[in-house]
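Written out below as structure tokens is the structure these notes cover.
The values are calculated or read from the model by the stated rules, or taken from the named source; none is laboratory data. Not measured: the values here are computed from a predicted model. Positions of Cβ are generated from backbone atoms using ideal geometry, with glycine treated the same way; all protein chains shown enter the neighbour counts. SASA here: full protein model, heavy atoms, side chains in, ligands and nucleic acids out. Shrake-Rupley method; radii C 1.70, N 1.55, O 1.52, S 1.80 Å.
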Amino acid sequence: MPERRTVALVTLGCARNEVDSEELAGRLAADGWDLVEDAADADVAVVNTCGFVEAAKKDSVDALLEANDLKTASSEGRGRTQAVVAVGCMAERYGKELAEALPEADGVLGFDDYADISDRLQTILSGGVHASHTPRDRRKLLPISPAERQDAAVALPGHAQDTAPADLPDGVAPASGPRAPLRRRLGSSPVASVKLASGCDRRCSFCAIPSFRGSFVSRRPSDVLGEARWLAEQGVKEIMLVSENNTSYGKDLGDIRLLETLLPEIAAVDGLERVRVSYLQPAEMRPGLIDVLTSTEKVAPYFDLSFQHSAPGVLRAMRRFGDTDRFLELLDTIRGKAPQAGARSNFIVGFPGETEEDVAELERFLTAARLDAIGVFGYSDEDGTEAAGYEDKVDPDVVAERLAHISRLAEELTAQRAEERIGETIEVLVDRVDDEDGVIGRAAHQAPETDGQVRLITDGLDSLPVPGRMVEAKVVAGEGVDLVAEPVGDGRCTEEAGR
């Protein structure tokens, strides 16, 4: 019997890339590939790259070079890896240019290759060559009118239009229906992301994502709901809805308020304990959506708001809307409905034309906003963006100084916000239990990876809660952005205590 082909998927970047990797895993497993965790144990190492900012692109290149080191070791009889393949946003964005600059990669595959990923990898593994694609603006592949995009024959990772095979191995299934994406979970985390849509119609002057992810296309509610049910059957307890802009969901399906209808349906899926929505645009927030996010059982009152800055002049140069006072009013509205609601955002400092007065205005906003988590980035030109051609660039040394200053302020403010939560009763979803850190989980205001965590004090409990269980606890201390909490009462999981 011939030896099975093995493949490892190395994922960088955001939760959307994680979903794409699980789709690739499903396709490969369905075609007979064995999935392994360690690239050193794989015939082919597939690196799902990020193409967002310079630091992320560097991480992607480093990961490809590390995989190539495994291939070199294999050629010397010290391993198995025979080929290294780049996929994902950086591969899609640069195509042939990346292949020429990085000959260590045996293949650079774009989104159009995902449906045939097994054949592509087999060709490369057999010593053949698959030509790297020529990058193109993917916005131009879809109709200008959102209402005409649903039936367009364009590759959209996570939206698969092809029909699934009849016989699938264990752990692989169409995530909602016969023409839904195949998906296989990579790991056993109790949280999983679900794509709500792909692409973006906004034209922020600093962002290149729409050019390689394309225009905005919603997934149909039945597909999203079906995938949530499938993940719940796999043991997932928390669903995180992801896209480039969740507040636009439904506009191409004829109903911009579709998310308000869909969220309660997902929250009612048997087995799920929490639903979280990420990537919200402040300019598109509406009262009905705020109501659903703050009042629906099992929907986290969590607001991942893309503010980017608060000085009006900088925001207009970014092709964005709002200002400090409008943003604070939005946060006040949210907290008026759910005082414990979580709020986080990312900010860019050093944008072309930014003045010291603009930085002071951003400080005013941050100080008053009481955000639970803050990401700060220094501006750098991105290929193909409007801002790359702006004059009045801020000196790189000044950008670095502002980045360090605002980052320090952000650390202080988020630590203060964590301390404000002392005394609150929270529901903690346990993520992991280990000898070093103990029982670690997240409250409703904490998304995976980005927003801190909760360490549970377990002294006196008869048994430790296991990953995937929801525990009611009282916050007793803050540790930077993280919290320390003590289970309430006898420490029973909330779903058990309520029976």
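At a glance:
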{"quantity": "Placed amide H near Val471: partners under 5 Å, 5+ positions off or other chain", "calculated": "Val428, Leu429, Val430, Thr494"}
{"quantity": "Other-chain or far-sequence residues with amide H under 5 Å of Asn346's (modelled H)", "calculated": "Phe307, Gln308, Gly375"}
{"quantity": "Cα-based Rg of the range 352-423 normalised by 2.2 N^0.38 Å, two decimals", "calculated": "1.31"}
{"quantity": "22 Å Cα-Cα threshold exceeded, pairs from Lys195/Lys474; Lys195/Lys337; Lys58/Lys140; Lys57/Lys96; Lys298/Lys337; Lys58/Lys237", "calculated": "Lys195/Lys474; Lys195/Lys337; Lys58/Lys140; Lys58/Lys237"}
{"quantity": "Cα-derived Rg over Rh, computed across the chain with Rh taken as Kirkwood radius", "calculated": "0.96"}
{"quantity": "Residues Asp325 and Asp41, FRET efficiency given R0 of 56 Å [Cβ-Cβ distance, rounded to 0.05]", "calculated": "0.50"}
{"quantity": "The chain - accessible surface per residue (Å², probe 1.4 Å)", "calculated": "43"}
{"quantity": "Net lengthening on full extension, Ser74/Arg408 (0.36 nm per residue, minus Cα-Cα)", "calculated": "115.8 nm"}
{"quantity": "At R0 = 25 Å, FRET efficiency that the Cβ-Cβ distance of Lys96 and Ala153 yields, to 0.05", "calculated": "0.60"}
{"quantity": "Theoretical FRET efficiency, 1/(1+(r/R0)^6), r = Cβ-Cβ of Ala477 and Asn346, R0 30 Å, to 0.05", "calculated": "0.65"}
{"quantity": "Protection-proxy order for peptides 440-453, 417-430, each taking the mean of Cβ atoms within 10 Å per residue, highest first", "calculated": "440-453, 417-430"}
{"quantity": "For the range 4-89, the Rg and Dmax computed from alpha carbons only, in angstrom", "calculated": "12.7, 37"}
{"quantity": "Accessible surface of the chain [probe 1.4 Å, protein heavy atoms]: carbon and sulfur percent", "calculated": "48"}
{"quantity": "Using θ = phi - 60° and Karplus 6.51 cos²θ - 1.76 cosθ + 1.60, couplings along the range 145-159 (whole Hz; Gly, Pro as x)", "calculated": "6, x, 5, 9, 8, 4, 9, 5, 8, 10, 5, 10, x, x, 10"}
{"quantity": "Protection proxy ranking of 132-138, 71-77 - average other beta-carbon atoms within 10 Å, highest first", "calculated": "132-138, 71-77"}
{"quantity": "Qualifying trypsin sites (Lys or Arg not before Pro) for the range 199-306 [loop in DSSP, other Cβ within 10 Å: at most 15]", "calculated": "Arg203, Arg257"}
{"quantity": "Linear extension gain, Thr333 paired with Ala283, 0.36 nm per residue minus alpha-carbon span", "calculated": "16.6 nm"}
{"quantity": "Difference of contour (0.36 nm per residue) and Cα-Cα distance, Glu356 to Arg370", "calculated": "2.8 nm"}
{"quantity": "Distant-in-sequence amide H partners of Ile457 (H built 1.01 Å from N, under 5 Å)", "calculated": "Ala485, Glu486"}
